[in-house]
Amino acid sequence: MRLFTAFLILIPITLFATEERTIHVDSMTHKSGSWTEYSNSEEMNFRRLFDLLGQTTTGKKIMGLASRKAARLGLTLSDVVKVGDGSLTDTTLVRKFNPRSPDIVIYETKSVVYLNRSLAWDDALLDLAHELTHYTYRNSFNPYEDSFNPRDFIRSTIEGEGGEVEAFLTECQVARELFARGTPLRSNCKKIEEDGKLSFERAVELFYHVGPYYDGFYKKLSEKKLTGQFSGLSPEKINFISSAYGVPYPIAALMEYELVMNKVCENDKKRLAYMQQDQEKALGRGPASASDTTEKFALSYSSRCKQ
C-alpha cells in the first residue's frame, strides 16, 4: 500500500535562515538538458547531483540526515534515491499476518525517493532537496490504528514535520544558497518571504488557499463533520497544486486519505473473515479471549469502515 505520510511537529523558521552562497551550476552541467543526460551512468549522474547539493549548507545537512536514516536500515543514499517519471517519496506499508493466527499482525514500512528523469539540473537539485526532506523527517503512520483520522492526516501532510510546507521551505532555502545572489527566487518562494526570511506561517497560509474548489471541498468536509477544523482554509487564489492529484494540497490529502482507507477496509474485511472462521472452529473449546478479540476487531471495523 502506498502512503502519503504525515506529521504533527512544526519546525522553527530559524532552520532556514542560513547564509547565501553561490554555486556555479551552469559551468559544471548542461543547463539545457536533463540531469540524466550528464552521462550514461545513473550512478554517476546521481553522484553529480549529490556533489552539487552538498555544496549548500542546507543541502549538505539534509543529505547527511537522510544518509543516517538509510544507514539504520542497512542502506545507502544511493539505495534510497531512484530515477522516476515524477518526483515523489513513496512510502509503502506492509502488513503481515498468518491466516492461522490473524490476531497477530506485523507492520513494516519502506520509503523510496524518486526523482523526475526529465528535469533540468536546477529543478532536479531543488526537487531532490524537497523529497529528501520528506524522506528524512516524515514519521510513519499506521492507517490500521483507530486513531488514524482525516483531520490529522490533512494537517500533518501540509503542516507537519517533513510535510509539504517544510519540504517547500527547504527547497526555497537551497535555491537561495545554490544560485547567485540577485537571481530571482521562484515566484512562490518570494510569496513566503517576510523581512528577507522564509516564513513557515506564511507558507502554511498559502497552502490552504483552494480557490474555486472551496465550495465543493467545504461541502465534503461538512459531510465528514470536519467543518471548522481548518481555520486557514480560503477561497483565495491557488498557490500550490499536488502533482499527484492535480488539485490543491488539502483536497489532495483528503483524496489520499480516502484511497488509503478503502484499501485498509478491504484488507480488514479479509482479516475479520479469517478471525471469524477461527472463532467458529474453536467454538466450545477455545478461550473466551479469542472471541473477545474478534468481537473488538469487528466493532472497530464496523466503526471505521461503515458504508
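The values are calculated or read from the model by the stated rules, or taken from the named source; none is laboratory data. Here the structure is a predicted model, which is why all the values come from computation and not from measurement. Reconstructed Cβ throughout: ideal geometry from the backbone, glycine too, with neighbour counts over all protein chains shown. Remember, those area values only see protein heavy atoms, side chains included, never the ligands or the DNA or RNA. Shrake-Rupley method; radii C 1.70, N 1.55, O 1.52, S 1.80 Å.
Residues that are of a type outside the set (D, E, K, R) and at pLDDT below 95 number at least 2 in the following strands (runs of 3 or more DSSP E) confined to segment 62-133: 88-98, 101-116. Of a type in the set (F, W, Y) and modelled with pLDDT under 90: does that describe F240? So F240 fails the test. Would a scan of segment 281-289 turn up a residue that is out of contact with any helix residue (DSSP H, G or I) (no Cβ under 6 Å at 6 or more places or on another chain), surrounded by 12 or more Cβ atoms within 10 Å (Cβ to Cβ) and either within 20 Å of R151 (Cβ to Cβ) or at pLDDT 95 or above (or both)? No; the residues of segment 281-289 include none that is out of contact with any helix residue (DSSP H, G or I) (no Cβ under 6 Å at 6 or more places or on another chain), surrounded by 12 or more Cβ atoms within 10 Å (Cβ to Cβ) and either within 20 Å of R151 (Cβ to Cβ) or at pLDDT 95 or above (or both).
Take the conditions (1) under 29 Å from R95 (Cβ atoms); (2) touching a residue at least 12 places away in the same chain (Cβ under 8 Å); S199 misses just one of them, which is (1). Quick test for you: out of L126, L169, pick the one residue that is buried (at least 19 other Cβ atoms within 10 Å of the Cβ), without any contact (Cβ under 8 Å) to a residue 60 or more places away in the chain and either closer than 22 Å to V247 by Cα or among the polar types (S, T, N, Q) (or both). Checking each option against the conditions leaves just L126.
Restrict the check to segment 177-198 and report whether at least one residue is among the polar types (S, T, N, Q) and modelled with pLDDT of 95 or more. No, the conditions are met nowhere in segment 177-198.
Is it the case that some residue within segment 108-119 is out of contact with any Ser or Thr (no Cβ under 9 Å at 6 or more places or on another chain) and either more than 30 Å from K281 (Cα to Cα) or touching a residue at least 12 places away in the same chain (Cβ under 8 Å) (or both)? Within segment 108-119 (the criterion being out of contact with any Ser or Thr (no Cβ under 9 Å at 6 or more places or on another chain) and either more than 30 Å from K281 (Cα to Cα) or touching a residue at least 12 places away in the same chain (Cβ under 8 Å) (or both)), the answer is no, since none of the residues qualifies. Of the residues R68, R72, R117, R100, the single one that is open to solvent by 70 Å² or more (accessible area, probe 1.4 Å) and closer than 27 Å to S242 by Cα is R117. The listed residues are I238, I251, and the only one of them that is assigned to a helix (DSSP H, G or I) and of a type in the set (V, I, T) turns out to be I251. How many residues does segment 39-51 hold that are in contact (Cβ under 8 Å) with a residue 12 or more places away in the chain and either touching a strand residue (DSSP E or B) at 6+ places or on another chain (Cβ under 7 Å) or of a type in the set (S, T, Y) (or both)? So the count comes out to 2. Only one of the numbered conditions (1) closer than 20 Å to V113 by Cβ; (2) touching a Gly at 6+ places or on another chain (Cβ under 6 Å); (3) surrounded by fewer than 18 Cβ atoms within 10 Å (Cβ to Cβ) is not met by E205, and that is (1).
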